[in-house]
Amino acid sequence: MSQIRPLAICVFRRGDKILVAEGFDPAKQERFYRPLGGGIEFGETGAETVRRELREEIQAEVAEVRFLGALENIFTFNGQPGHEIVLVYDGRLADETLYTQSEIHGQEDEGLTFSVMWKSLDEFGPGAPLYPDGLAEMLQQNEDRP
């Protein structure tokens, strides 16, 4: 049975760049990018999810978290349909040295490793999409507000 998955992700900024994990969809042969975060566990708030996921994935503490909005993401990954409700947060990393690293290595629960890097919003596009859909527009709108 297919289910809608609740997620929380956090955007960390360094000037005009954001921190993203690099992923690859073998069915589409597509490299893509997504902010760090993950599935919300029962009884956990989105902000708590972000803090837990950052500790688990890159051993980093999150100093501040601010809710930006929510996105609905209907997609296909590796040939399988998916549906997510994504709570999007803006945050600040407690360890300031992470802002100076060009690449950070992360690890999923299953032991899979992945790369995390700083990329500017204009680097994303058809050949290197930023997921979830609508995130780039949300960030742009948020930046335009006073």
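The values are calculated or read from the model by the stated rules, or taken from the named source; none is laboratory data. The shown structure was predicted, so the numbers you read here are calculated from the model rather than taken from an experiment. Here Cβ is always computed from backbone atoms with ideal geometry, including for glycine, and neighbour counts include all displayed protein chains.
All of Ile85, Ile9 fail the test of being within 15 Å of the chain's Cα centre (by Cα) and more than 21 Å from Glu123 (Cα to Cα), apart from Ile85. Acidic (Asp, Glu) and more than 22 Å from Asp16 (Cα to Cα), is that true of Glu103? No; evaluated as a whole, the condition is false for this residue.
Residues checked against (1) out of contact with any Gly (no Cβ under 6 Å at 6 or more places or on another chain); (2) under 23 Å from Ala47 (Cβ atoms); (3) among the basic types (Lys, Arg):
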residue: Arg92; (1), (2), (3): yes, yes, yes
residue: Asp95; (1), (2), (3): yes, yes, no
residue: Gly111; (1), (2), (3): yes, no, no
residue: Lys119; (1), (2), (3): yes, no, yes
residue: Gly125; (1), (2), (3): yes, no, no
residue: Leu130; (1), (2), (3): yes, yes, no
residue: Ala136; (1), (2), (3): yes, yes, no
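Against the definition (more than 19 Å from Arg13 (Cβ to Cβ), at pLDDT 90 or above and assigned to a loop (DSSP other than H, G, I, E, B)), how does Glu41 come out, yes or no? Against the criterion (more than 19 Å from Arg13 (Cβ to Cβ), at pLDDT 90 or above and assigned to a loop (DSSP other than H, G, I, E, B)), Glu41 qualifies. Is there a residue being in contact (Cβ under 8 Å) with a residue 24 or more places away in the chain, surrounded by 15 or more Cβ atoms within 10 Å (Cβ to Cβ), on the phi > 0 side of the Ramachandran plot and not aliphatic (A, V, I, L, M) anywhere in segment 22-32? No, that holds for no residue.
Annotation: of all residues in segment 97-125 being in contact with a strand residue (DSSP E or B) (Cβ under 9 Å, 6 or more places away or on another chain) and among the polar types (S, T, N, Q), the one that is surrounded by the fewest Cβ atoms within 10 Å (Cβ to Cβ) is Ser102. A single member of Leu19, Leu68, Leu36, Leu7 is touching a Cys at 6+ places or on another chain (Cβ under 8 Å) and touching a residue at least 60 places away in the same chain (Cβ under 8 Å), and it is Leu36.
Being buried (at least 19 other Cβ atoms within 10 Å of the Cβ) and farther than 15 Å from Ile104 by Cα: is that true of Ile58 here? Here the answer is no, as Ile58 does not meet what is asked.
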